[in-house]
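What follows is a short report on a single structure.
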Amino acid sequence: MTSERDAAITAARQLLESGVAAKPDAICKAIVGIGKPYDTQVIGAHAALVATYLNHSDHVVRHEAIWFLGSWGHLSEYASRIHDSAQMDPDIDNRAYAAKSLGSILKQEKNPVLTKRMLAFVEDGQEEIEVRLSAYSGLLYAWNRPDDFAFLMGEKTISEVDPEFVAQLHAWTQDEAEMPPVIPPRGLFRSLFQAWRASLI
């Protein structure tokens, strides 16, 4: 790591540590500044600090904290906190985003407990449709299934959820079947597209 990068991380960390008076846009810039470029050690070292912003009063700051820990960082140790955001964040867009971010964690490490929690969002008829579709998109993304982006963007409806895939996931989470197979990535272009998309969502 260069001395310039070290200095930028130090400045961002100091802002976050004293962030009570900091403006939301400055906090967001600091979180992204620590996260990019991707460095596992840097992200891990600052995760606990960023996690304190999951309850910030500004919805964009909370979004960036979810992004850092979930979509970008893939930190399984924060899956429960992100799940809480998916359930309780005051902003519906953040709730949906958190539900999708759980899929980014699940993509790295298949976890039946987390899968079951995401299925609960998908199947809850009382839940906001954005959250249900985003959770399903996250499950599709974790298993490299097609149409994950279409569900995320609302191009497909909840009635188009694949019942066979859902049943396979349920059977696995209940120890009644093997884990559904992960579809192999479809070439370099697909891999690059997924990496680019993950950086945005």
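Any chance you could count how many residues in the range 138-156 are in a helix (DSSP H, G or I), of a type outside the set (Ser, Thr, Tyr) and under 21 Å from Lys116 (Cβ atoms)?
Counting residues in the range 138-156 that are in a helix (DSSP H, G or I), of a type outside the set (Ser, Thr, Tyr) and under 21 Å from Lys116 (Cβ atoms) gives 7.
Which of the residues belonging to the range 18-35 are under 17 Å from Phe68 (Cα atoms) and either surrounded by fewer than 11 Cβ atoms within 10 Å (Cβ to Cβ) or modelled with pLDDT of 95 or more (or both)?
Hits for the range 18-35 are Pro24, Asp25, Ala26, Ile27, Cys28, Lys29, Ala30, Ile31, Val32, Gly33, Ile34, Gly35.
So, in the range 62-95, how many residues would count as being aliphatic (A, V, I, L, M) and crowded, with 24+ Cβ neighbours inside 10 Å?
Looking only at that region, the number is 5.
Restricting the search to the range 2-17, which residues are of a type outside the set (Asp, Glu), farther than 14 Å from Leu49 by Cβ and surrounded by 11 or more Cβ atoms within 10 Å (Cβ to Cβ)?
Arg5, Ala8
Sort through Met118, Met153 and tell me the only one that's among the aliphatic types (A, V, I, L, M), modelled with pLDDT under 95 and within 27 Å of Val32 (Cβ to Cβ).
Answer to the selection: Met153.
Is at least one residue of the range 64-78 more than 23 Å from Lys110 (Cα to Cα) and touching a helix residue (DSSP H, G or I) at 6+ places or on another chain (Cβ under 9 Å)?
Yes: one or more hits.
The values are calculated or read from the model by the stated rules, or taken from the named source; none is laboratory data. Just so you know, these numbers come straight off a predicted model, no measurement behind them. Don't worry about glycine lacking a Cβ; one is built from the backbone with ideal geometry, like all the others, and counts go over all protein chains shown.
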